[in-house]
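*Asks:* Structure below; questions to follow.
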Amino acid sequence: MSVSEVVSKSVRTRQQRRRVPRWVTIVAIVIVVWLIGWRLFNNVLNLPLQTAQSTPFHLWLNDVNAWVGANRDSSPLFVYFFDTIRDVVGWTSTVFSHLLVQTDIGLQLPQIGWLGVVVLVTWLAWFLGNYKVAILTAIGFLMLGLLGLWTASMATLALTFAAVFFSLLIGIPVGIAAGLSRRVERVITPVLDFMQILPSFVYLAPLALLFSIGPASAVIATVIYAGPPVTRLTAHGIRTVPATIAEAADSLGIGRVQRVWTVLLPLARRSIVIGINQTVMAALAMVTIAALIAAPGLGQPVLQGLQSLNVGIAFVAGFAIVIMAIVLDRVTTAAGTRAEITARDTNPGHKRARRIGLIAGLVLTVIAVYLSRTVLWAAQFPTEVNFGGALSDAVNAFSNWVQQTFSFITIGLNHGFTVWILNPFQAMLTQSPFILVVLVILAIALLFGGVKAAAISAACLAVIIAVGLWEDSMVTLASTLIATIATMILGVVVGVAMGRSARIDRLIRPGLDAAQTMPSFVYLVPFLGLFGASRFTAIVAAVIYAAPVAIKIIADGVVSVSKETVEAAESSGTTPWQTIIKVQLPMSKSSLMLATNQGLIYVLAMVVIGGLVGAGALGYDVVAGFVQLSLFGKGLAAGIAIVMLGIMLDRITQAAGSRTARVPGSTTTPRSRKHDQRTKEGTHHDTDKYESAPVTG
Amino acid sequence: MTLTSTSRRRLLGSAAVLTATLLAITGCSSSLNTGSDSTAAASKCGNVNLAMSDWVGYTADAAVYTYVAQTRLKCTVKQLPLAEQVGWQGLGDGTVDAIIENWGHDDLAKKYITEQKVAVDAGLTGNIGKIGWFVPPWLAKAHPDILDASNLNKYATNFKTPESGGLGQFLDGDPSFVTNDAALVTNLKLNYKVVYAGSEAALIQAFRTAEANKTWMIGYFYTPNWFLSEVALKSVKLPPYTDGCDAVAAAVACDYPTDKLNKIMSVKFEKANKPAADLLKNFHWTNDDQNEVAKDITANKMTPAAAAKKWVDANKSKVDAWLK
């Protein structure tokens, strides 16, 4: 049987009786109408706006900026509200930075020098987790010093801790409230969705406006980004406490507060710890991006590498970030499973041995901390042992070699892709009359997402037109959609391979985990070297950034197709290829939709950051608005447009996802099971968003 | 309920440990910091928060200032990598003390120096800056009339790239650099599109490749810049600059002004840290000096600090004059 026969047969089995499914016909008609309209009304009503032009709305935002600058010291709104928040957050981050990075007095050594920090965190890892993660922690932190990045790493760590502190301070109580009351949850969920759709890059400028640049703004930006996971998972944990236990507690006649404190929280502990894990990881990723608003730490060398085309510097800093991410991830994950392990271990000897070991470790820690405060070698990481420079040189040599050797391929690839795929598609979006494009988008939203999704899309598009950035939005949309398609192709190929073979899964998954811990703009540097500053660079970086999430979701979807079905198909003599096309992919349709949804959000975030490397459009507007006073308003408007694009794409794909989930025959994985699966891997980015995406019908 | 009591015991345990750790930290004050406090107290110079823009000329100025301030005045200089305008904003809210190479920015000077009175001019650096449009030397030689902007439309198709949407490509650097190029292209009715390379380094790389492969390229560049001694880019004539012709950003149709580059510092810094502020005011050198240091940093791959040390050692008399 040929491939086309297989495909058509599979379509037939899915749609029953209909040869060509209705949606294919409709999409084809829409595209034909669009093409005709584009040719007939080329460059008519396509709302262009020159790079240097601003609309009255943008100029009005400029005036707002000027007002804030002029009244920052006198307006009560700033003096009593924003400045107070800034002071409290700033003070807290200073405490952490004095502890780990530097103080203001004397030699400006931190309160705890490197030796003290290494021993202390190792001991904490053992105390909270187990000896394995303690060893990992010790090696990891020593590596940070050996890379020559001790101080920068500690600055990043201090900011991360400060941000996590505030995220938990706000997130856990809000999460408890949302877990107890459906009404609170209904109010809070769209807010959390919004916080997570927002590409982090976008809110740096408004925050710098309100709280000015520096660590305080960086911490606040990070809390916005990292707060949602712990909030969601706290609510989830509280909600999933079995009703019988809660009722049993009620029958004992304990009060409301006591019930939360003694029954619900301990039982929700595991879920909350997963939330903390994800919050820590998200905070680490965001703290790096905050280098753009002068946040100290490892983001600085990454940014510097981007600006001086120095792949080596950026790589070494990125490597340090990954090390820190792995350590933090494993320690928080181990802390999450610790309670269950100790509960299962009934051997009292083990417990006593551990307790004695921990006490001995504590003594050692106190000694190390004391040393790191009294002798110089233990306070300042020795600069003589440093292989960061050598590593950076080696990476640069390698990247130069790759660039020179493969430049004919990379340049050809870039040009070919841009001329034959990207430019025509972008032209369709930017040169057609805007009304036509709006109608096309609404038709697709209606078809896949339904009336509600179409209504939201209409509202989003209206805002985009109102803020005056239609053309730039369409350029960004073109790159985003193409990158998402590429992501999904990659996701399906690798995801199916992983889903079908446990061995391939084991081989690839650690790589995906590591890739996800890399902060987004680390990805830009190598591709900038390979492809130069262009939209293509941003698209490639976006695909690489978004692929791990899509791959994992699809792999999990393929795995969850019931074994009996697959075996039945195989015993009836289908080839592996047929099994994939006819059984495994159709049955993991809801996973595919979820992967598309997540892929889109990740791709959009990255395409926007691509503004830093010549990708132009909305991303460039945001960057330019951030650095040029006269374009401030336009940049802020671009931020709004990005958010609108994000909400629109999210709603359409989510609605499409929940529709497929209702189709009989498609797999619906119980949320809790999926949840456990995630937990074991200790991944971060995706689980929180699983919660927002209605997987089950 | 065993679970509850275990978790509570663990909670108490953690609390005890944390308290113990904190006691260990705060109980005895670090002897290292306090012990050396005397040396810090001896010099009157404190912290300097220096904004760091990302073109190499700026890095050169900042490296030399930092080296002299640290070695001769024992100041603590913190370099904060910031885009130009963000640096100005920092002067306003106290996060930045000084900007060491400022290119014009009349709008910002008006806002922060004249209106808000949070910053002051700290004098000229001695460098004369000029932004302009440039082509690689081979192109100027092959088509001499290209050196006048009024002839650019004739060649627009030669500058076409996949990124420029059917128009000629005009390459800009970092989005944060002072540029009127997008407005100039529109207002001079040129069939070009401004495309951003993203950084100074990317721009230099593009010019280098264009000269080596004899490809068509036109872009934004500026003097002083060490790169001009490697590839002698030729400037393209724009309609002459007259006072105020660049007042409205979107309506500019004239050449860039010749900027006498200067230094800016916050009012607070001038009062609070006199030695460092005086050094900033006295800092003065030539385009050749800057190019020498910049070239060591880029082409010779020295660290900024090492390049600064080399220049300071070779120019003792100049440095002594700054510290008079």
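The values are calculated or read from the model by the stated rules, or taken from the named source; none is laboratory data. No experiment lies behind these values; they were computed from the predicted model shown. Using ideal geometry, Cβ is built from the backbone for each residue, glycine included, and neighbour counts are taken over all protein chains shown.
*Asks:* Could you check the range B:80-102 and list, in sequence order, the residues that are more than 8 Å from chain A (Cβ to nearest Cβ) and surrounded by fewer than 22 Cβ atoms within 10 Å (Cβ to Cβ)?
*Replies:* Of everything in the range B:80-102, just one residue is more than 8 Å from chain A (Cβ to nearest Cβ) and surrounded by fewer than 22 Cβ atoms within 10 Å (Cβ to Cβ), namely B:G94.
*Asks:* Do we have A:A125 as over 19 Å from B:T76 (Cβ atoms) and without any contact (Cβ under 8 Å) to a residue 60 or more places away in the chain here? Don't jump to the end; show me each part of the working.
*Replies:* Values: over 19 Å from B:T76 (Cβ atoms): yes; without any contact (Cβ under 8 Å) to a residue 60 or more places away in the chain: no.
It is false that A:A125 is over 19 Å from B:T76 (Cβ atoms) and without any contact (Cβ under 8 Å) to a residue 60 or more places away in the chain.
*Asks:* Output the residues belonging to the range B:159-192 that are at the interface with chain A (Cβ under 9 Å from one of its Cβ atoms), in contact with a strand residue (DSSP E or B) (Cβ under 7 Å, 6 or more places away or on another chain) and within 20 Å of B:D246 (Cα to Cα).
*Replies:* Within the range B:159-192, B:P175, B:V178, B:T179, B:D181, B:A182, B:V185 qualify.
*Asks:* Mind checking which helices (runs of 4 or more DSSP H) fall wholly inside the range A:288-387 and carry at least 2 residues that are surrounded by fewer than 24 Cβ atoms within 10 Å (Cβ to Cβ), more than 10 Å from every other protein chain (Cβ to nearest Cβ) and in contact with a helix residue (DSSP H, G or I) (Cβ under 7 Å, 6 or more places away or on another chain)? Break it down stepwise before answering.
*Replies:* Numbers: elements: A:299-307, A:311-344, A:348-372, A:376-379.
It comes to A:311-344, A:348-372.
*Asks:* Here's something else I'd like to know. If A:A205 passes every condition in (1) closer than 30 Å to A:Q628 by Cβ; (2) among the hydrophobic types (A, V, I, L, M, F, W, C); (3) out of contact with any Phe, Trp or Tyr (no Cβ under 7 Å at 6 or more places or on another chain) but one, which one does it miss?
*Replies:* Of the numbered conditions (1) closer than 30 Å to A:Q628 by Cβ; (2) among the hydrophobic types (A, V, I, L, M, F, W, C); (3) out of contact with any Phe, Trp or Tyr (no Cβ under 7 Å at 6 or more places or on another chain), the odd one out for A:A205 is (3).
*Asks:* Tell me yes or no: at least one residue of the range B:215-234 is more than 25 Å from the chain's Cα centre (by Cα), more than 9 Å from every other protein chain (Cβ to nearest Cβ) and either without any contact (Cβ under 8 Å) to a residue 24 or more places away in the chain or more than 26 Å from B:T59 (Cα to Cα) (or both).
*Replies:* So in the range B:215-234, the residues more than 25 Å from the chain's Cα centre (by Cα) come out as B:215-216.
Pick out the ones that are also more than 9 Å from every other protein chain (Cβ to nearest Cβ) and you get B:215-216.
This time we only want the ones that are either without any contact (Cβ under 8 Å) to a residue 24 or more places away in the chain or more than 26 Å from B:T59 (Cα to Cα) (or both), so: B:215-216.
So far as the range B:215-234 goes, yes, one or more of its residues are more than 25 Å from the chain's Cα centre (by Cα), more than 9 Å from every other protein chain (Cβ to nearest Cβ) and either without any contact (Cβ under 8 Å) to a residue 24 or more places away in the chain or more than 26 Å from B:T59 (Cα to Cα) (or both).
*Asks:* Also: For the range B:100-128, name all the residues that are in a strand (DSSP E or B), within 13 Å of B:V178 (Cβ to Cβ) and not charged (D, E, K, R).
*Replies:* Result: B:N102, single match.
*Asks:* Output the residues belonging to the range A:408-434 that are assigned to a helix (DSSP H, G or I), surrounded by 14 or more Cβ atoms within 10 Å (Cβ to Cβ) and over 31 Å from the mean Cα position of the chain (by Cα).
*Replies:* Answer for the range A:408-434, where residues must be assigned to a helix (DSSP H, G or I), surrounded by 14 or more Cβ atoms within 10 Å (Cβ to Cβ) and over 31 Å from the mean Cα position of the chain (by Cα): A:Q431, A:F434.
*Asks:* Now a separate question. If B:L233 satisfies all but one of (1) in contact with a strand residue (DSSP E or B) (Cβ under 6 Å, 6 or more places away or on another chain); (2) closer than 21 Å to B:L167 by Cα; (3) among the hydrophobic types (A, V, I, L, M, F, W, C), what's the number of the condition it fails?
*Replies:* The one condition B:L233 does not meet is (2).
*Asks:* Look at the range B:193-205 and say how many of its residues are touching a Gly at 6+ places or on another chain (Cβ under 7 Å), under 28 Å from B:A299 (Cα atoms) and either of a type in the set (V, I, T) or more than 8 Å from chain A (Cβ to nearest Cβ) (or both).
*Replies:* Counting residues in the range B:193-205 that are touching a Gly at 6+ places or on another chain (Cβ under 7 Å), under 28 Å from B:A299 (Cα atoms) and either of a type in the set (V, I, T) or more than 8 Å from chain A (Cβ to nearest Cβ) (or both) gives 2.
*Asks:* Output the helices (runs of 4 or more DSSP H) that fall wholly within the range A:555-641 and possess 2 or more residues being charged (D, E, K, R), away from chain B (no Cβ under 14 Å) and surrounded by fewer than 24 Cβ atoms within 10 Å (Cβ to Cβ), or say none. Let's see the steps before the verdict.
*Replies:* Details: elements: A:563-571, A:589-609, A:617-627.
The helices (runs of 4 or more DSSP H) meeting that bar are A:563-571.
*Asks:* Now for a separate question. Of everything in the range B:235-253, what is in contact (Cβ under 8 Å) with a residue 40 or more places away in the chain and part of a loop (DSSP other than H, G, I, E, B)? Give them in sequence order. Walk me through it before giving the result.
*Replies:* So the first thing to find is which residues in the range B:235-253 are in contact (Cβ under 8 Å) with a residue 40 or more places away in the chain, and the list is B:235-239, B:246, B:249-253.
Answer for the range B:235-253, where residues must be in contact (Cβ under 8 Å) with a residue 40 or more places away in the chain and part of a loop (DSSP other than H, G, I, E, B): B:L238, B:P239, B:D246, B:V252, B:A253.
*Asks:* Within the bounds of the range B:207-222, is there any residue that is of a type in the set (A, V, I, L, M), in contact with a Cys (Cβ under 7 Å, 6 or more places away or on another chain) and surrounded by fewer than 21 Cβ atoms within 10 Å (Cβ to Cβ)?
*Replies:* Step one: list which residues in the range B:207-222 are of a type in the set (A, V, I, L, M), which gives B:210, B:212, B:217-218.
Pick out the ones that are also in contact with a Cys (Cβ under 7 Å, 6 or more places away or on another chain) and you get none.
No, that holds for no residue.
*Asks:* Can you pull out every residue in the range B:150-170 that is surrounded by 14 or more Cβ atoms within 10 Å (Cβ to Cβ) and on the phi > 0 side of the Ramachandran plot?
*Replies:* B:G165 - this is the single residue of the range B:150-170 that is surrounded by 14 or more Cβ atoms within 10 Å (Cβ to Cβ) and on the phi > 0 side of the Ramachandran plot.
*Asks:* Give the residues of the range A:122-161 that are outside any helix (DSSP H, G or I) and within 14 Å of chain B (Cβ to nearest Cβ), sorted by residue number. Walk me through it before giving the result.
*Replies:* Restricting attention to the range A:122-161, the residues satisfying the condition of being outside any helix (DSSP H, G or I) are A:129-130, A:147-149.
A:G129, A:G148 - these are the residues of the range A:122-161 that are outside any helix (DSSP H, G or I) and within 14 Å of chain B (Cβ to nearest Cβ).
*Asks:* Tell me, yes or no, whether the range A:62-77 has at least one residue that is more than 30 Å from A:A624 (Cβ to Cβ) and assigned to a helix (DSSP H, G or I).
*Replies:* So the first thing to find is which residues in the range A:62-77 are more than 30 Å from A:A624 (Cβ to Cβ), and the list is A:76.
Restricting the remaining residues to those that are assigned to a helix (DSSP H, G or I) gives A:76.
Yes, the range A:62-77 contains at least one residue that is more than 30 Å from A:A624 (Cβ to Cβ) and assigned to a helix (DSSP H, G or I).
*Asks:* Condition test on A:L413, is it under 26 Å from A:L306 (Cβ atoms) and either away from chain B (no Cβ under 13 Å) or at pLDDT 85 or above (or both)? Walk me through it before giving the result.
*Replies:* Details: under 26 Å from A:L306 (Cβ atoms): yes; either away from chain B (no Cβ under 13 Å) or at pLDDT 85 or above (or both): yes.
Yes.
*Asks:* Going through B:K318, B:K281, B:K271 one at a time, which residue ends up being surrounded by fewer than 19 Cβ atoms within 10 Å (Cβ to Cβ) and free of Cβ contacts under 8 Å to residues at least 12 places away in the same chain? It would help to see each step written out before you state the result.
*Replies:* Details: B:K318 fails: free of Cβ contacts under 8 Å to residues at least 12 places away in the same chain; B:K281 fails: free of Cβ contacts under 8 Å to residues at least 12 places away in the same chain.
Result: B:K271 is the single residue among B:K318, B:K281, B:K271 that is surrounded by fewer than 19 Cβ atoms within 10 Å (Cβ to Cβ) and free of Cβ contacts under 8 Å to residues at least 12 places away in the same chain.
*Asks:* Let me ask something else. Does A:G129 satisfy the condition of being buried (at least 22 other Cβ atoms within 10 Å of the Cβ) and over 16 Å from A:V322 (Cβ atoms)? Talk me through it step by step, then tell me what you get.
*Replies:* On the way: buried (at least 22 other Cβ atoms within 10 Å of the Cβ): yes; over 16 Å from A:V322 (Cβ atoms): yes.
When the stated conditions are applied, A:G129 passes them.
*Asks:* Only one of (1) facing another protein chain (nearest Cβ under 10 Å); (2) under 24 Å from the mean Cα position of the chain (by Cα) fails for B:V77. Which number is that?
*Replies:* Of the numbered conditions (1) facing another protein chain (nearest Cβ under 10 Å); (2) under 24 Å from the mean Cα position of the chain (by Cα), the odd one out for B:V77 is (1).
*Asks:* Read through the list (1) more than 25 Å from the chain's Cα centre (by Cα); (2) surrounded by fewer than 15 Cβ atoms within 10 Å (Cβ to Cβ); (3) among the charged types (D, E, K, R), then give the number of the only condition that A:E471 fails.
*Replies:* Failing condition for A:E471: (2).
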